[in-house]
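Chemist: Following this message is one structure expressed as structure tokens.
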Amino acid sequence: MKIYTKTGDKGTTALMGGVRVSKHHPRIEAYGTIDELNSWLGLIKDQPIPESSKQDLLIIQYRLFEAGSLLAAEPGNTKIWVPEIKLDAISQLENSIDLMEQSLPPLQNFILPGGHPASSYTHIARCVCRRAERLVVQVADSEQVPSEILVFLNRLSDYLFVLARFISAHFGADEIPWKPRSQKI
């Protein structure tokens, strides 16, 4: 299989099923952003973070490929097989969030991203995840999209926020609370 096909040289790409669409089609934007998110998760996974978090991230990367495949599939084409995101993927995220939160102090304020590079990368991934979620909502406004994708992305952004806090705690980094200008910093 060659990496280059030359079929996209004029600004179109094929959905799974063969229909060609513009490379700025909302589906392409959505699954392209999910791919970007997956790359950030790979970077986070390559940091010296707890092994349990690395394992979680690996599983999440597989789920993101499933979400991307669902978005890359031609709507309504029943002749092609695509993987699906199952509800257990969402409950796994929730279980991981609950487990990490047990070791964290309760959140009293909004916090500023940062504290350690691995935590900062995780906050960036959370923002990319939120963008992916918005783009999938945009697709869902005009085409059918499995609801599990939206739920998964929503829960994943929550997971990434807690993971950023968990990583900060792992490295002993301070969380900096956000304070409105009217309060002394």
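Chemist: Got a sec? Which of Val137, Val145 is over 23 Å from Ala164 (Cα atoms), without any contact (Cβ under 8 Å) to a residue 24 or more places away in the chain and not hydroxyl-bearing (Ser, Thr, Tyr)?
Modeler: Step by step, each of Val137, Val145 is checked, and only Val137 is over 23 Å from Ala164 (Cα atoms), without any contact (Cβ under 8 Å) to a residue 24 or more places away in the chain and not hydroxyl-bearing (Ser, Thr, Tyr).
Chemist: For the subset of the stretch 147-182 comprising residues that are more than 12 Å from Ile111 (Cα to Cα) and among the aromatic types (Phe, Trp, Tyr), which member is surrounded by the fewest Cβ atoms within 10 Å (Cβ to Cβ)?
Modeler: Residue satisfying both the conditions and the ranking: Phe171.
Chemist: How many of the residues making up the stretch 92-127 are polar (S, T, N, Q) and modelled with pLDDT under 95?
Modeler: Residues of the stretch 92-127 polar (S, T, N, Q): 92, 95-96, 102-103, 108-109, 119-120, 122.
Within this subset, residues satisfying the condition of being modelled with pLDDT under 95 are 108-109.
Here the count works out to 2.
Here's the yes/no breakdown for (1) farther than 25 Å from Asp88 by Cβ; (2) outside any strand (DSSP E or B); (3) touching a Lys or Arg at 6+ places or on another chain (Cβ under 7 Å); (4) at pLDDT below 75:
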site	(1), (2), (3), (4)
Ile3	yes, yes, no, no
Lys10	yes, yes, no, yes
His24	yes, yes, no, no
Arg27	yes, yes, no, no
Asn38	no, yes, no, no
Ser52	no, yes, no, no
Leu57	no, yes, yes, no
Tyr62	no, yes, no, no
Ser69	no, yes, no, no
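Chemist: While we're looking at this one, here's another question. Regarding Tyr31, is this residue outside any helix (DSSP H, G or I) and of a type in the set (Phe, Trp, Tyr)? Give the derivation first.
Modeler: Details: outside any helix (DSSP H, G or I): no; of a type in the set (Phe, Trp, Tyr): yes.
No; evaluated as a whole, the condition is false for this residue.
Chemist: Here is a follow-up. In contact with an Asp or Glu (Cβ under 6 Å, 6 or more places away or on another chain) and farther than 20 Å from Leu150 by Cα: does that describe Gly17?
Modeler: Values: in contact with an Asp or Glu (Cβ under 6 Å, 6 or more places away or on another chain): yes; farther than 20 Å from Leu150 by Cα: yes.
Yes: the conditions hold for Gly17.
Chemist: Shifting gears a bit: Only one of Ile60, Ile44, Ile49, Ile85 is touching a Ser or Thr at 6+ places or on another chain (Cβ under 7 Å) and crowded, with 17+ Cβ neighbours inside 10 Å; which?
Modeler: Of Ile60, Ile44, Ile49, Ile85, the one residue that is touching a Ser or Thr at 6+ places or on another chain (Cβ under 7 Å) and crowded, with 17+ Cβ neighbours inside 10 Å is Ile44.
Chemist: Provide a single number: the residues in the stretch 66-104 that are touching a residue at least 60 places away in the same chain (Cβ under 8 Å) and either among the acidic types (Asp, Glu) or under 26 Å from Ile28 (Cβ atoms) (or both).
Modeler: Filtering the stretch 66-104 for residues touching a residue at least 60 places away in the same chain (Cβ under 8 Å) gives 67, 70-71, 75-77, 79-80, 82, 84-87, 89-90, 93-94, 96-97, 100-101, 103-104.
Those left that are additionally either among the acidic types (Asp, Glu) or under 26 Å from Ile28 (Cβ atoms) (or both): 67, 70-71, 75-77, 79-80, 82, 84-86, 89-90, 93-94, 101.
Final tally of qualifying residues: 17.
The values are calculated or read from the model by the stated rules, or taken from the named source; none is laboratory data. Just so it is clear, the structure is predicted and the values come from calculations on it, not from any experiment. Cβ: placed from backbone, ideal geometry, glycine included. Neighbour counts: every protein chain shown.
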